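One structure is given here, and the rest of the page talks about it.
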Amino acid sequence: MLSALFAGVLSLGVSGSGVAADVAQAAGDTPVGPQAGSMDSKRPANDEPSAEDIELLADEVAAHVQRKQELDNRLDSQQASQDSLRLRLKESRNNIRIELDEVLQSSAPRTRLDNMLERHEAAREEEIRLAEALEETRAELAREQLQLVQKQRDLERMKARYASQQREKELRKVQELARQLERRLQFCETISFKCPSSKSLGKCLGEYPLEASIQGWVEEHYKAELDKHLEGYGKPVQLSPDWYTTRVTHEFTEASMTLQGTVTADVDVCSGQAAQDDGLCDAGGDSGTV
């Protein structure tokens, strides 16, 4: 009888490290599974990502973040349960030693001691199961962390590729716009204005502020001409004078003057536009209308 009691008490001396050894023997090392291929790593090198691809991969990252948080919470809960159970086992060992001393000294019935040993053994088995669950959670958390880091890197690479792709598209649009800016226009406009009848027709025409009118005419005709060719550009085009240079020549083809001093004249205008590289580079960075 006493030998059985001593054997039971000796089994109580298993420390936390002993439990860990039991767990390691029972559970073994949990292998980390192979990483799932990411959307970006599976994509062919010449396949350009889209905004939808970025959104899908961002959703995957968010799902991994949520899963990692769930595993963190589970690990904290299991760790707290293990700490609580270890305190119970420590208290149980102390109570069993006290009960054993009483049984040995007074030859009291050992029923109570047997019950205490049985409950203690059940608690030890629970601790082993909890330690195994902790190791599984840690391994799963490690895998999830690796997958999260990989997905985050894939997302950053995809965003960088997408941004580079968009810059290239904008550059191609700017280059196309530059080709469209090269124009040569010829048109005729009619002017009519008052001039003192004491002046000659030639002097009236020479004093008329024609340059301001010509500038407005050229811009109007130039924009109308470009609008026909830039419909596929994808954005409304608002011309900037920084984009191009203009050379203009003009001449009066017909002119007349009434006795009341009303001058009427036809003006032939010829203009040539050429792209200005610096202005176009600035235009390529715009995200709205250009």
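Rule-based calculations on the coordinates, nothing more; no lab input. This is a predicted model, so every value here is computed, not measured. Neighbour counts are summed over all protein chains in view; Cβ atoms, including those assigned to glycine, are modelled from backbone coordinates with ideal geometry.
In this rough spin-label picture, where each label sits 7 Å from Cα along the Cβ direction, the Leu146-Thr264 distance is 9.0 nm. For the pair Glu125 and Glu211, the difference between a 0.36 nm per residue extended length and the Cα-Cα distance amounts to 21.0 nm.
Label sites at Ala58 and Lys159, each approximated as a point 7 angstrom past Cα along Cα to Cβ, lie 0.8 nm apart. Stretching the chain fully between Ser200 and Leu87 yields a gain of 29.0 nm (0.36 nm per residue, less the alpha carbon separation).
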